[in-house]
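The values are calculated or read from the model by the stated rules, or taken from the named source; none is laboratory data. What you see is a predicted model, and the numbers here were worked out from it, not measured in a lab. Cβ coordinates were reconstructed from backbone atoms using ideal geometry, including for glycine residues, and neighbour counts include every protein chain displayed.
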Amino acid sequence: MRKLPFAALATLTCLAAAAPAAAAEDLCRVMDPTGTPLNVRVAPNGQIVGTLNNGLLVAVVDTRDDANGRRWTFVVRANDGQPLGWVFREFIACF
C-alpha cells in the first residue's frame, strides 16, 4: 500500500480506535474484479489515499452507505490491525 499523508493517517487511526475489534466472520480478502489494485479512501467515496493488492486479507471495522446507496467498508490489515481506510464493499470477499 502507498504511504498515507499524515492527516489522513491520523483520521483513519482515530476511526479505527473508536470501532470495535473485527470478529472472525468479518475477515475478508481484497478481490477487485478489474484486476487493478483496490482504491483506499479517507471516507466513503472520498479522497483516494492508497491502494490494496488483490489477495490481501483485511478485517472489517465499519460499514456505511454513501449518498447513492453504495456500501463502503472501513478495513484494517488482518494480521496486525493496522488501519487501512474505506474500500468499496463489493470488491472484498468476506468469510
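Remarks
- Of the residues making up the stretch 47-58, those that are surrounded by 15 or more Cβ atoms within 10 Å (Cβ to Cβ) and over 8 Å from the mean Cα position of the chain (by Cα) number 6.
Here is a yes/no grid of residues against (1) surrounded by fewer than 19 Cβ atoms within 10 Å (Cβ to Cβ); (2) among the aliphatic types (A, V, I, L, M); (3) at negative phi; (4) modelled with pLDDT of 95 or more:
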site: Ala10; (1), (2), (3), (4): yes, yes, yes, no
site: Cys14; (1), (2), (3), (4): yes, no, yes, no
site: Ala18; (1), (2), (3), (4): yes, yes, yes, no
site: Leu27; (1), (2), (3), (4): yes, yes, yes, yes
site: Pro37; (1), (2), (3), (4): yes, no, yes, yes
site: Val40; (1), (2), (3), (4): no, yes, yes, yes
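- Hits in the stretch 27-62 (condition: over 13 Å from Cys94 (Cα atoms) and either part of a strand (DSSP E or B) or touching a Ser or Thr at 6+ places or on another chain (Cβ under 7 Å) (or both)): Pro37, Leu38, Asn39, Val40, Arg41, Val42, Ile48, Val49, Gly50, Thr51, Leu52, Asp62
- Restricting the stretch 63-95 to residues that are assigned to a loop (DSSP other than H, G, I, E, B) and free of Cβ contacts under 8 Å to residues at least 40 places away in the same chain leaves a set whose member that is nearest to Pro33 (Cα to Cα) is Arg70.
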